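These notes are about the structure you will find just below.
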Amino acid sequence: MTAPLRHAEPIVVKVALGARAYDIVIGRGLIAGLGERVKALRPGAKTAIVTDATVARHHLPAVEAALKTAGVGSAAIVVPQGEGSKSYATFETVCESIIAAHIERGDLIVALGGGVIGDLAGYAAASVRRGLDFVQVPTTLLAQVDSSVGGKTGINSRHGKNLIGAFHQPILVVADTALLDTLPKRDFRAGYAEMAKYGLLGDAAFFSWLEANWQDIFSGGKSSGSLAREHAIAVCCRGKAGIVARDERETGERALLNLGHTFGHALEAGAGFSDRLLHGEAVALGMVLAFEFSAAKGLIGETDATRARAHLAAVGLPTHLNEVPGGVPGLDALMDLIAQDKKVKRGRLTFILVRGIGQAFVENDVSAAEVRAFLADKLATL
Ligand SMILES: NC(=O)c1ccc[n+]([C@@H]2O[C@H](COP(=O)([O-])OP(=O)(O)OC[C@H]3O[C@@H](n4cnc5c(N)ncnc54)[C@H](O)[C@@H]3O)[C@@H](O)[C@H]2O)c1
Ligand SMILES: [Zn+2]
């Protein structure tokens with residue numbers, strides 16, 4: 001696994017969605033060949049690259065150069081970085097800019113950025129001219145293992161996150177792991193929480209592997225030639241691709257990807273979706289709570305919950321509620337936030353619970369009183 005294979009072939013993961021099937025290509029240095037890949041898929045197409053200001057500074061010139069070398073025309077649409085860009089206002093700017101750049105049916109949108117850009121550009125692609133094809137070039141770990149795959153696109157409403165959107169699958173995902181070298185450590189760690197999620201929800205062997213190899217994933221093999229990062233991203237993409245192929249519209253199994261997200265979203269909302277608590281950090285805390293809640297319900301012993309927490313803590317993710325800067329909402333506020341979450345049906349809460357590491361399942365019938373008692377207990381120990 002850690003053999004120095006510097007020039008290894010990229011890893012290709014297939015998303016089997018019939019006529020909408022596509023490849024996720026994973027490897028170090030793939031940007032250089034992006035133009036050739038685009039040309040092979042859509043000969044003659046021009047592109048609009050949607051990106052944010054930070055990503056543009058680091059990586060837009062290389063992407064533009066790669067497209068140009070292959071003779072693929074491009075226009076750049078640069079929006080402010082951050083969650084605030086998943087808004088009506090920025091969506092309007094992006095759509096209008098795509099039209100102004102004369103992007104027609106048959107042309108392509110390139111989403112170059114993290115989850116914010118993927119969601120925003122994907123939704124613009126779904127909407128302009130009733131649907132344009134798009135390519136995801138994810139630049140955060142979170143986007144490479146999660147948001148760029150599966151076709152969920154959208155923006156935020158004043159009533160909550162991701163409430164306006166569409167399912168629109170990309171035609172290609174190019175995950176260049178070298179792009180992650182410029183990602184701030186904290187964002188990398190937050191993305192790692194989603195990576196650990198795949199182990200915790202359905203792949204105990206992968207979780208054990210992560211416990212042993214996480215340092216190589218963080219260092220990225222730039223000097224050692226280790227392919228741990230590429231391998232781990234591929235495992236996650238294979239996991240997500242399988243789930244998405246079986247349940248594209250989240251009528252069942254896809255909900256497993258929400259492990260840790262009901263508690264996590266409540267904490268994230270409590271922090272005002274600010275830099276105080278990044279999404280992945282909230283998910284790390286949420287997954288620990290999901291394991292502890294499962295233990296409180298007698299589904300697992302304390303050992304599994306302790307092991308999940310120990311690993312997330314080892315990489316530097318928050319795993320105790322008292323690690324949230326500025327504190328967490330009180331019990332009533334937390335319960336309100338949980339009730340607002342979209343995973344609530346007719347007063348009963350849907351939670352992703354576990355029967356062990358790698359054994360998550362969807363429980364549609366959790367009572368609010370039970371959750372309240374569990375959280376009251378947690379908050380009492382702060
Ligand atoms: N569609 C889905 O299935 C799905 C799944 C999970 C999350 N999401 C969404 O993803 C978003 C979070 O994504 P994110 O964590 O990638 O956030 P993000 O896109 O805001 O990126 C985080 C920060 O890193 C910067 N950045 C990105 N790539 C960089 C790089 N290579 N070098 C330096 N800086 C870089 C960005 O400018 C930004 O400031 C949320 O809006 C969430 O709702 C969507
Ligand atoms: Zn998430």
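Across all directions of projection, what mean area in square nanometres is found for the Cα convex hull of the range 104-153?
Orientation-averaged projected area of the Cα hull: 2.9 nm².
Could you tell me which of ALA296, ALA178, GLY330 has its Cα farthest along the dipole of the chain towards the positive end, charges placed at Cβ (Lys, Arg +1; Asp, Glu -1), taken about the Cα centre?
Of ALA296, ALA178, GLY330, it is ALA178.
To the nearest 10 degrees, how steep is helix 53-69 against the longest Cα principal axis of the chain, on a 0 to 90 scale?
Relative to the chain, helix 53-69 is tipped by roughly 40 degrees.
Please list the equivalent ellipsoid semi-axes of the range 71-161, computed as the square roots of five times the alpha-carbon gyration tensor eigenvalues, in descending order and whole angstrom.
19, 16, 12
Sort out for me the Cα centre separation of the range 307-382 from the range 1-73, rounded to whole Å.
38
With every atom except the alpha carbons ignored, what do you get for Rg and Dmax of the range 1-158, in angstroms?
For the range 1-158, the Cα-based Rg and Dmax read 15.2, 49 Å.
Taking 2.2 N^0.38 Å as the expected size of a compact globular protein, what ratio does the Cα radius of gyration of the range 1-76 give against it, to two decimals?
Relative to the 2.2 N^0.38 Å estimate, the range 1-76 comes out at 1.26.
Roughly speaking, what % of Cα-Cα pairs in the range 333-382 are separated by over 18 Å, rounded to a whole number?
37
Across 20 Å bins from 0, what is the distribution of all Cα-Cα pair distances for the chain, in whole percents?
Taking all Cα pairs of the chain, the binned fractions are 30, 58, 12, 0 percent.
How big is the dipole moment of the chain about its Cα centre under a simple scheme where the beta carbon of each Lys and Arg is +1, that of each Asp and Glu is -1, and everything else is neutral? Debye, nearest 20, please.
About 600 debye.
Could you work out the Rg to Rh ratio of the range 253-382, with Rh taken as the Kirkwood radius (inverse of the mean 1/r over all Cα pairs)?
That ratio equals 0.92.
Measure nothing fancy, just the Cα-based angle from helix 115-127's long axis to the longest principal axis of the chain, in degrees from 0 to 90, nearest 10.
It is inclined by approximately 60 degrees.
Label LYS68 and GLN340 with points 7 Å out from Cα along Cα→Cβ: what is the distance between them in nm?
With each label point 7 Å from Cα toward Cβ, the separation is 4.6 nm.
Using the Cα gyration tensor of the range 207-270, with a ≥ b ≥ c the square roots of its eigenvalues, what is the shape: rounded (a/c below 1.5), prolate (a/b larger than b/c) or oblate (neither)?
It is oblate, given that a/c is not under 1.5 and a/b is not larger than b/c.
Round to the nearest 0.05 the FRET efficiency obtained for GLU104 and ALA205 when R0 = 35 Å and r is the Cβ-Cβ distance.
Step by step, r from the Cβ atoms, then E = 0.15.
Hand me the trypsin sites (Lys or Arg not before Pro) from the range 54-148 located in a DSSP loop with no more than 15 other Cβ atoms within 10 Å, in residue order please.
Answer by residue number: ARG105.
To the nearest 10 degrees, how steeply does helix 88-100 sit against the main Cα axis of the chain, on a 0 to 90 scale?
The two axes meet at around 20 degrees.
Among the listed pairs LYS14/LYS152; LYS86/LYS222; LYS152/LYS222; LYS39/LYS161; LYS68/LYS185; LYS86/LYS378, which have their C-alpha atoms separated by more than 27 angstrom in this model?
LYS86/LYS222; LYS152/LYS222; LYS39/LYS161; LYS68/LYS185; LYS86/LYS378, as the Cα separations exceed 27 Å there.
Run the simple label-point estimate for ASP275 and ALA245 please: 7 Å along Cα→C-beta, distance reported in nm.
So the two model labels end up 4.1 nm from each other.
No value in this document is a laboratory result; all are computed from the given coordinates. Note that the coordinates shown come from a computational prediction; the quantities given were computed from them, not determined experimentally. No Cβ is skipped: glycine too gets one built from the backbone with ideal geometry, and neighbour counts run over all protein chains shown.
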